[in-house]
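The values are calculated or read from the model by the stated rules, or taken from the named source; none is laboratory data. Because the structure is a prediction, the values reported are computed rather than measured. All Cβ positions, even for glycine, are placed from backbone atoms using ideal geometry, and neighbour counts span all protein chains on display. Ligands, DNA and RNA are excluded from the accessible area calculation, which covers all protein heavy atoms including side chains. Shrake-Rupley method; radii C 1.70, N 1.55, O 1.52, S 1.80 Å.
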Amino acid sequence: MSTTVKVNGFVCQDPMVVNADDFFKAAELDKPRDTMASKVGSNVTLINVMKIPGLNTLGISLARIDYAPLGENPPHTHPRATEILTVLEGKLYVGFVTSNPNQLFTKELNKGDVFVFPEGLIHFQFNPDYHKPAVAIAALSSQNPGVITIANAVFGSKPPISDDVLAKAFQVEKGTIDWLQAQFWENNHY
(Lines give C-alpha, C1' and ligand atoms only; values in the text may rest on other atoms or scores of the structure.)
Protein backbone atom coordinates (compact mmCIF):
# COMPACT_ATOMS: atom_id res chain seq x y z
CA MET A 1 0.00 0.00 0.00
CA SER A 2 1.46 3.38 -0.99
CA THR A 3 0.92 6.41 1.20
CA THR A 4 1.12 9.95 -0.07
CA VAL A 5 2.70 12.31 2.43
CA LYS A 6 1.40 15.87 2.35
CA VAL A 7 2.83 18.98 3.96
CA ASN A 8 0.92 22.27 3.78
CA GLY A 9 -1.74 20.42 1.80
CA PHE A 10 0.65 19.54 -1.03
CA VAL A 11 2.35 16.26 -1.85
CA CYS A 12 5.94 15.99 -0.66
CA GLN A 13 8.27 15.08 -3.47
CA ASP A 14 9.74 11.60 -3.07
CA PRO A 15 13.52 12.14 -2.83
CA MET A 16 14.07 8.93 -4.84
CA VAL A 17 12.18 10.26 -7.89
CA VAL A 18 12.43 14.04 -7.62
CA ASN A 19 14.13 15.71 -10.58
CA ALA A 20 14.98 19.16 -11.93
CA ASP A 21 11.51 19.58 -13.47
CA ASP A 22 10.04 19.66 -9.95
CA PHE A 23 11.94 22.95 -9.46
CA PHE A 24 11.41 24.48 -12.92
CA LYS A 25 8.73 26.40 -14.82
CA ALA A 26 9.10 27.89 -18.30
CA ALA A 27 7.02 30.84 -17.08
CA GLU A 28 8.09 33.39 -19.71
CA LEU A 29 8.03 36.14 -17.09
CA ASP A 30 9.99 38.30 -19.54
CA LYS A 31 6.90 38.61 -21.78
CA PRO A 32 4.19 41.28 -21.27
CA ARG A 33 0.77 40.03 -20.16
CA ASP A 34 -2.64 41.19 -21.41
CA THR A 35 -4.16 43.83 -19.12
CA MET A 36 -7.07 44.79 -21.38
CA ALA A 37 -9.35 41.92 -20.32
CA SER A 38 -9.22 43.08 -16.70
CA LYS A 39 -11.71 45.64 -15.35
CA VAL A 40 -8.96 47.00 -13.10
CA GLY A 41 -6.23 47.08 -15.76
CA SER A 42 -3.76 44.59 -14.34
CA ASN A 43 -2.64 41.02 -14.80
CA VAL A 44 -0.93 39.01 -12.05
CA THR A 45 1.12 35.95 -13.02
CA LEU A 46 1.75 33.99 -9.82
CA ILE A 47 4.45 31.34 -9.59
CA ASN A 48 3.75 29.33 -6.43
CA VAL A 49 3.72 25.74 -5.19
CA MET A 50 0.83 24.92 -7.53
CA LYS A 51 3.06 25.80 -10.50
CA ILE A 52 6.39 24.49 -9.15
CA PRO A 53 5.93 21.49 -6.82
CA GLY A 54 9.48 21.81 -5.50
CA LEU A 55 8.51 25.05 -3.74
CA ASN A 56 6.56 23.13 -1.10
CA THR A 57 7.90 23.98 2.38
CA LEU A 58 10.46 26.47 0.98
CA GLY A 59 8.46 29.56 2.00
CA ILE A 60 8.79 31.58 -1.19
CA SER A 61 6.87 32.43 -4.36
CA LEU A 62 7.02 35.05 -7.10
CA ALA A 63 4.60 37.14 -9.14
CA ARG A 64 4.88 39.33 -12.23
CA ILE A 65 2.31 42.14 -12.27
CA ASP A 66 1.52 44.02 -15.48
CA TYR A 67 -0.37 47.32 -15.23
CA ALA A 68 -2.13 49.13 -18.06
CA PRO A 69 -1.95 52.92 -18.06
CA LEU A 70 -4.07 53.90 -15.01
CA GLY A 71 -4.32 50.20 -14.13
CA GLU A 72 -4.21 48.90 -10.59
CA ASN A 73 -3.75 45.82 -8.50
CA PRO A 74 -6.73 46.67 -6.26
CA PRO A 75 -6.69 46.61 -2.46
CA HIS A 76 -5.99 43.06 -1.33
CA THR A 77 -4.19 41.09 1.35
CA HIS A 78 -2.00 38.01 1.52
CA PRO A 79 -2.98 36.14 4.70
CA ARG A 80 0.16 33.98 4.68
CA ALA A 81 2.92 36.21 3.27
CA THR A 82 4.87 39.43 3.36
CA GLU A 83 5.47 40.84 -0.13
CA ILE A 84 8.44 42.77 -1.48
CA LEU A 85 7.74 44.50 -4.80
CA THR A 86 10.26 45.84 -7.33
CA VAL A 87 9.26 48.13 -10.21
CA LEU A 88 10.83 46.94 -13.46
CA GLU A 89 9.20 49.43 -15.85
CA GLY A 90 7.19 52.62 -15.36
CA LYS A 91 6.12 53.96 -12.02
CA LEU A 92 3.62 52.93 -9.36
CA TYR A 93 1.76 54.60 -6.52
CA VAL A 94 1.66 51.96 -3.76
CA GLY A 95 0.48 51.72 -0.21
CA PHE A 96 -0.76 49.67 2.70
CA VAL A 97 -3.02 50.29 5.69
CA THR A 98 -2.15 49.24 9.23
CA SER A 99 -4.84 48.18 11.66
CA ASN A 100 -5.79 49.98 14.85
CA PRO A 101 -5.09 52.76 14.07
CA ASN A 102 -5.88 52.58 10.36
CA GLN A 103 -2.84 54.44 9.10
CA LEU A 104 -2.06 54.64 5.37
CA PHE A 105 1.57 54.37 4.23
CA THR A 106 2.16 55.31 0.57
CA LYS A 107 5.02 55.95 -1.80
CA GLU A 108 5.45 56.67 -5.50
CA LEU A 109 7.92 54.17 -6.89
CA ASN A 110 10.08 54.51 -9.98
CA LYS A 111 11.92 51.87 -11.99
CA GLY A 112 14.26 49.97 -9.67
CA ASP A 113 12.52 51.02 -6.44
CA VAL A 114 11.43 48.46 -3.85
CA PHE A 115 8.54 48.51 -1.35
CA VAL A 116 7.47 46.02 1.34
CA PHE A 117 3.87 45.09 2.21
CA PRO A 118 3.73 43.38 5.64
CA GLU A 119 1.88 40.07 5.93
CA GLY A 120 -1.89 40.30 6.23
CA LEU A 121 -2.17 44.07 5.67
CA ILE A 122 -4.41 45.53 2.97
CA HIS A 123 -2.29 46.95 0.18
CA PHE A 124 -2.50 48.13 -3.44
CA GLN A 125 -0.51 49.29 -6.45
CA PHE A 126 -1.67 51.86 -9.04
CA ASN A 127 -0.05 53.00 -12.28
CA PRO A 128 -0.58 56.81 -12.33
CA ASP A 129 0.68 57.19 -15.91
CA TYR A 130 -2.03 57.98 -18.49
CA HIS A 131 0.04 56.68 -21.41
CA LYS A 132 2.63 54.10 -20.32
CA PRO A 133 2.20 50.65 -18.80
CA ALA A 134 4.16 49.49 -15.76
CA VAL A 135 5.63 46.14 -14.72
CA ALA A 136 6.68 44.84 -11.31
CA ILE A 137 7.99 41.64 -9.80
CA ALA A 138 6.92 40.65 -6.30
CA ALA A 139 8.51 38.06 -4.05
CA LEU A 140 6.31 36.59 -1.32
CA SER A 141 7.39 34.84 1.87
CA SER A 142 5.21 31.76 1.37
CA GLN A 143 4.98 29.02 -1.23
CA ASN A 144 1.20 29.60 -1.07
CA PRO A 145 0.60 33.23 0.01
CA GLY A 146 -3.14 33.33 -0.68
CA VAL A 147 -4.92 36.47 -1.81
CA ILE A 148 -8.12 38.16 -0.70
CA THR A 149 -9.17 41.01 -2.98
CA ILE A 150 -11.18 43.26 -0.68
CA ALA A 151 -13.90 44.49 -3.06
CA ASN A 152 -14.42 41.01 -4.55
CA ALA A 153 -14.71 39.45 -1.10
CA VAL A 154 -17.09 42.07 0.31
CA PHE A 155 -19.30 42.74 -2.73
CA GLY A 156 -18.91 39.54 -4.74
CA SER A 157 -19.18 36.79 -2.13
CA LYS A 158 -21.32 33.77 -2.89
CA PRO A 159 -23.86 33.82 -1.38
CA PRO A 160 -23.82 37.60 -1.01
CA ILE A 161 -23.35 39.32 2.32
CA SER A 162 -26.68 40.88 3.32
CA ASP A 163 -27.10 44.41 1.96
CA ASP A 164 -28.45 45.36 5.43
CA VAL A 165 -25.13 44.31 6.97
CA LEU A 166 -23.03 46.10 4.35
CA ALA A 167 -25.17 49.26 4.33
CA LYS A 168 -24.71 49.59 8.08
CA ALA A 169 -20.97 48.77 7.94
CA PHE A 170 -20.26 51.27 5.15
CA GLN A 171 -22.90 53.77 6.38
CA VAL A 172 -24.58 54.10 2.97
CA GLU A 173 -28.02 53.39 1.54
CA LYS A 174 -28.92 49.79 0.67
CA GLY A 175 -29.34 50.85 -2.96
CA THR A 176 -25.65 51.78 -3.09
CA ILE A 177 -24.72 48.33 -1.79
CA ASP A 178 -27.06 46.64 -4.28
CA TRP A 179 -25.38 48.59 -7.10
CA LEU A 180 -21.89 47.65 -5.88
CA GLN A 181 -22.81 43.98 -5.54
CA ALA A 182 -24.24 44.00 -9.07
CA GLN A 183 -20.86 45.16 -10.41
CA PHE A 184 -19.25 41.99 -9.10
CA TRP A 185 -22.08 39.51 -9.53
CA GLU A 186 -22.76 40.15 -13.21
CA ASN A 187 -19.18 39.33 -14.17
CA ASN A 188 -18.02 36.85 -11.54
CA HIS A 189 -20.96 34.54 -10.90
CA TYR A 190 -23.02 32.45 -13.30
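Listed values, structure above:
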{"quantity": "Hits in segment 53-81 - residues which are open to solvent by less than 50 Å² (accessible area, probe 1.4 Å), in a loop (DSSP other than H, G, I, E, B) and at negative phi", "calculated": "Asn56, Ala68, Gly71, His78, Ala81"}
{"quantity": "Set Pro75, Pro53: member being farther than 12 Å from Ala138 by Cβ, under 17 Å from the mean Cα position of the chain (by Cα) and not hydrophobic (A, V, I, L, M, F, W, C)", "calculated": "Pro75"}
{"quantity": "Of all residues in segment 33-52 being open to solvent by 50 Å² or more (accessible area, probe 1.4 Å) and at pLDDT below 95, the one that is nearest to Gln183 (Cα to Cα)", "calculated": "Lys39"}
{"quantity": "Test: residue in segment 37-48 that is outside any strand (DSSP E or B), within 10 Å of Gln143 (Cα to Cα) and either charged (D, E, K, R) or in contact (Cβ under 8 Å) with a residue 60 or more places away in the chain (or both)", "calculated": "yes"}
{"quantity": "Verdict on Glu173 being among the charged types (D, E, K, R) and either more than 22 Å from Asn43 (Cβ to Cβ) or surrounded by 17 or more Cβ atoms within 10 Å (Cβ to Cβ) (or both)", "calculated": "yes"}
{"quantity": "Per-region count, segment 17-32, residues assigned to a loop (DSSP other than H, G, I, E, B), open to solvent by 90 Å² or more (accessible area, probe 1.4 Å) and over 30 Å from Asn127 (Cβ atoms)", "calculated": "2"}
{"quantity": "Output for segment 32-59, where each listed residue is over 29 Å from Val18 (Cα atoms) and not β-branched (Val, Ile, Thr)", "calculated": "Pro32, Arg33, Asp34, Met36, Ala37, Ser38, Lys39, Gly41, Ser42, Asn43"}
